[in-house]
Each structure stands twice: as structure tokens, then as C-alpha cells.
Amino acid sequence: MYRAPRGTTDILPEEQTYWRYVEAKAVELCQLYGYRRLDTPVFEEAALFTRSIGEGTDIVTKEMYILKDRSGKALALRPEGTAPVCRAYIEHGMANLPQPVKLYYLAAIFRYERPQAGRYRQHYQFGCEAIGDADPALDAEVIQMPYQLLVSLGLSEVTVQLNSIGCKACRPDYIKALKHHYAPRLTDICPDCKIRLEKNPLRLLDCKQQECQHIADEAPRTTDYLCQGCQEHFEAVTRYLKSLSLPFNLNHRLVRGLDYYTRTVFEIQPLVGGAQSALGGGGRYDDLIEQLGASPAPAVGFAIGIDRVVLNLKKYKLPVPPIASPGVFIACLGEEAKTEAVKLAASLRAQRIGVIMASGNRSLKAQLRQADSLGSRYTIIIGEEEMKSGRLTLRNMLSGEQQSLTATELRAALEKSA
Ligand code: AMP
């Protein structure tokens with residue numbers, strides 16, 4: 001027996017109500033803010049991610065699905081959504097469009113992680129990117145968007161964690177101070193942090209190991225080392241968020257797991273569960289486009305994990321609208337009646353009336369049972385009598401009431417009740 005690979009799930013029809021609802025809300029949000037959809041391939045050249053996410057990051061060192069195609073080229077299943085959007089922005093000359101270019105995606109993301117609740121090897125993200133403008137109002141916008149989405153879904157029990165990690169001008173001084181703080185504490189920190197100190201010192205701050213907590217808590221703060229430009233930018237971001245009455249917590253240990261971030265970083269976390277179960281996050285990445293070989297274009301974006309949003313909708317038993325199923329069922333008895341039924345189903349569908357047709361040669365009773373279990377409001381019955389009289393029987397499945405109607409009357413009745 002084959003099973004879905006570890007860390008992946010099937011999204012069954014009964015689950016789709018949640019998924020389609022979240023996606024519809026995401027699309028609606030993008031229309032409100034003027035973001036246009038971009039779909040990129042599921043795989044890219046592996047080097048695109050190594051270069052942008054950073055060589056020393058967990059994603060690149062431990063989590064990417066790398067495959068060699070038949071020509072020997074190293075490809076990677078998309079482990080995040082931002083780098084492919086930037087690649088497409090450059091490849092399609094979007095720098096020539098009025099800036100910023102605002103794009104969104106709904107995409108499957110692949111990471112070889114240890115599967116657990118809310119952590120999968122294939123998950124889905126909704127993300128937005130505003131590329132080509134350094135305006136701090138855009139930072140506020142991409143924080144507001146996922147927050148507003150969650151609130152509109154009924155998930156307002158969240159906190160927005162915010163930090164600024166500076167730019168290439170001010171960060172080196174900060175890293176020096178951070179290393180200085182850790183140097184005398186080498187024997188107290190976890191083995192991973194010893195490596196981070198060498199390879200990716202910013203990540204020291206978000207270590208989850210108990211022994212590293214107080215050392216990270218007491219570490220110098222990135223916000224105390226910002227250059228004037230970064231400081232003014234951060235002040236503007238917080239000012240805009242306050243003007244939106246959007247609640248946020250300054251969190252000096254928030255750095256995020258990808259190297260391309262500059263200045264603003266943020267994460268949206270549930271009140272219960274914290275960073276381990278973050279619903280979304282993002283930040284500014286002013287150097288990424290240039291790092292990928294194009295003229296510099298500052299940018300900012302966010303991504304939200306749809307799987308975790310769905311888990312929370314279920315956890316809090318939040319209502320989601322059902323997906324409408326066809327309200328009409330056609331039951332028929334005998335080959336001649338079936339031919340009639342096939343024709344009638346097609347013509348009703350052409351009128352945009354959803355129809356499910358009985359299949360097989362079951363008894364009328366069994367067909368009505370099937371109609372009931374499908375939640376049909378009406379069943380059209382075509383039996384021997386109907387074939388003789390040229391009329392059709394319309395049964396109201398709730399009341400059990402039946403009417404004998406001509407085809408024209410039947411259409412009118414169904415249209416009226418639609
Ligand atoms: P990240 O780019 O890691 O910040 O991911 C953005 C969002 O995607 C996170 O806040 C999570 O909601 C979601 N996410 C990330 N990794 C996973 C995963 N392995 N399984 C499910 N959701 C994930």
C-alpha cells in the first residue's frame with residue numbers, strides 16, 4: 001500500500017471548504033491593496049535559493065529538496081516564495097514598470113523538516129511582495145495585510161512581533177558587539193550556537209535551547225546599533241502602525257531564518273504557541289535584487305502559512321462558508337429514461353443549474369437515498385410513467401412534496417428556487 005510521503009497530506013474534499021475560503025479571502029485582500037498574482041515554477045535552479053536565502057541557513061544546509069535533472073543541473077523544489085518572485089521580477093524586466101511592483105502568490109513550499117503538528121515537508125504559503133520602493137509605508141502595508149487577513153478570518157488572538165535588523169552599513173558593528181557578548185560565554189551555549197557564532201551570528205538571538213535563553217535575552221539589541229537611515233525608517237514604520245491602531249511588540253530577538261532581510265522584520269504569532277507556531281512573517285530585503293545580479297531595487301514582503309491558518313480555524317471552531325454542491329439530482333428508471341436524463345442534465349447545466357445524475361441501475365428508493373445523502377434540494381424523477389406522459393416529476397427533498405411538470409415548467413421552477 002502506498003501512502004502520502006512523510007510530512008505531506010492530502011487535502012480531502014471535506015477539507016477544501018477551509019482552504020478555498022482562506023484563498024478567496026487572500027485574493028480579495030490583494031485586490032483591495034492592488035497586488036497582482038504571479039505563479040512561478042515549483043522548482044528553480046538550486047543556486048537561486050543558496051544565493052538568496054544564504055549558505056549558512058537551516059533551509060539551505062538541511063531542508064532543501066535538491067534534484068538533478070537528466071542534464072545534471074541542480075534544481076530545488078521551492079523552499080520559500082520570495083526568491084522566485086525576485087527572479088521573475090528581474091527576468092521579465094519589471095524594473096521598467098512603475099515602481100513598486102506589487103505581486104502575490106499562493107504556492108506549495110517544500111522543506112525537509114521533522115514533521116509535527118503544523119510543520120510539514122510540503123506546506124502552502126500565501127505571500128505578497130512590493131518591489132522597487134524603500135518607502136516605510138510599504139513595510140506598514142505588508143504588516144497590515146496578513147494581520148487584516150487573520151482578523152477577517154476571526155483569528156485576532158495574535159501578536160505582531162517587530163524588529164529592525166539594520167542594513168549592510170550598520171549591521172557589521174552590531175555583529176561585532178554580538179560576538180563580543182557571546183565570546184566569554186562559549187562554554188555555556190548549545191553546540192548549534194557555537195556554529196552560529198561563526199557562520200550566522202544573528203541567528204544566535206532566536207535559539208530555542210534553554211541554556212541559551214538568558215544569554216540571548218541579555219545580548220545587545222540591533223535597534224541600538226541602527227544607522228540614521230535605518231533608525232528613521234524604523235521610526236516611520238512604527239508611527240504608521242500606530243496610526244493604523246495595529247498592535248505590535250518590539251522584540252529584539254526577532255531575526256528570522258533567512259539571510260536576505262534588512263531593516264524591518266516581523267512575525268505574526270498566536271497568543272498560545274508563540275514563535276514555534278508562527279502564522280506568518282516577513283520583512284524588508286533591500287539588497288536581494290542586487291545580489292541576484294540586477295540593479296538595486298529595495299523591497300518588502302510577507303508570507304503566511306495556510307496550513308497553520310486552517311489548523312487555527314478548526315481549533316477555534318470558526319465558521320467557514322460551505323462550498324455549494326449541485327442542488328438537483330436526477331433519478332431515472334430504464335434505459336430510455338436515462339437517455340432523457342442525460343439530455344436534461346446537460347441542458348440544465350447549460351442554464352447554470354448544478355445537477356448530479358444517478359449512475360448505475362439502482363432502484364428508485366436507492367437513488368432517492370443517494371440524493372438525500374448528497375444534500376440535494378430537489379430530485380427530478382424520470383420513470384416509465386414520465387416517459388409515457390412526457391411530463392417530469394419534481395420532488396422537494398425536504399418536504400417530500402412531488403409535482404408533475406412539463407420540461408418548461410420544471411426549468412422555471414428550478415430557476416425560481418435557485
Ligand atoms: P517562513 O518563511 O519560514 O517564515 O514561513 C512563513 C510561514 O509559513 C510561517 O509563519 C508558517 O506559518 C508557515 N510555515 C513555514 N514552514 C512551515 C512548515 N514546515 N509547515 C507548515 N507551515 C510552515
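Readers should treat all values here as calculations from the given coordinates under stated rules, not as data from a laboratory. Note that the coordinates shown come from a computational prediction; the quantities given were computed from them, not determined experimentally. Here the Cβ is made from the backbone with ideal geometry for all residues, glycine too, and neighbour counts use every protein chain on show.
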Check: Along segment 252-262, what does the Karplus equation 6.51 cos²θ - 1.76 cosθ + 1.60 (θ = phi - 60°) give for ³J(HN,Hα), rounded to whole Hz, x for Gly and Pro?
Finding: 6, 9, 7, 10, 6, x, 10, 6, 7, 6, 9
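Which of the chymotrypsin sites (Phe, Trp or Tyr not before Pro) found in segment 19-86 are in a DSSP loop and have at most 16 neighbouring Cβ atoms, other than their own, within 10 Å?
TYR65
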Next item on the list: Restricting to segment 268-411, compute how many DSSP beta bridges are antiparallel as a %, nearest 5.
Entry: 65 percent
Checklist line | In segment 318-418, GluC sites (Glu not before Pro) in a DSSP loop with at most 10 other beta-carbon atoms within 10 Å | finding: GLU401
Item checked: Check: segment 23-126 dipole with +1 on Lys, Arg Cβ and -1 on Asp, Glu Cβ, in debye -> 140 debye
Next item on the list: Take the alpha carbon atoms of segment 141-204, find their center, do the same for segment 248-296, and report the distance between the two centers in whole angstrom.
Entry: 8 Å
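Given Cα pairs under 8 Å that are at least 6 residues apart, what percent is the relative contact order of segment 240-287? Walk me through the numbers on the way to the answer.
Numbers: 46 pairs, mean separation 15.7, N = 48.
In percent, rounded to a whole number, it is 33.
Just how large is the dipole of segment 91-243 about the Cα centre, in debye to the nearest 20, putting +1 at every Lys and Arg Cβ and -1 at every Asp and Glu Cβ? Present the calculation step by step, with values, prior to reporting the outcome.
Working: 18 positive and 19 negative charges, 108 e Å.
Its charge dipole is roughly 520 debye.
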Next item on the list: Per DSSP H run of n ≥ 4, the term is -39500 (n - 2.57); total these for the chain, divide by its residue number, and report the mean residue ellipticity at 222 nm rounded to 500 deg cm²/dmol.
Entry: -11000 deg cm²/dmol
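Charges only on Cβ, +1 for Lys and Arg, -1 for Asp and Glu: so what's the dipole of segment 243-393 about the Cα centre, in debye to the nearest 20? Present the calculation step by step, with values, prior to reporting the outcome.
Working: 18 positive and 13 negative charges, 104 e Å.
I would put it at about 500 debye.
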Note to self: Classify segment 43-99 from the C-alpha gyration tensor, please: rounded if a/c falls under 1.5, else prolate or oblate depending on whether a/b exceeds b/c.
What the structure shows: oblate
Check: Could the peptides 121-134, 188-201 be put in order, highest first, of the mean number of other beta-carbon atoms found within 10 Å of their residues?
Finding: 121-134, 188-201
Notebook entry, point to check: Going down the list LYS68/LYS208; LYS25/LYS68; LYS73/LYS199, which pairs span over 31 Å between their C-alpha atoms?
Noted result: LYS68/LYS208; LYS25/LYS68
Note to self: Can you tell me which of LEU374, LEU246, LEU138 moves the most in a GNM of the chain? Springs connect C-alpha atoms under 10 Å apart.
What the structure shows: LEU374
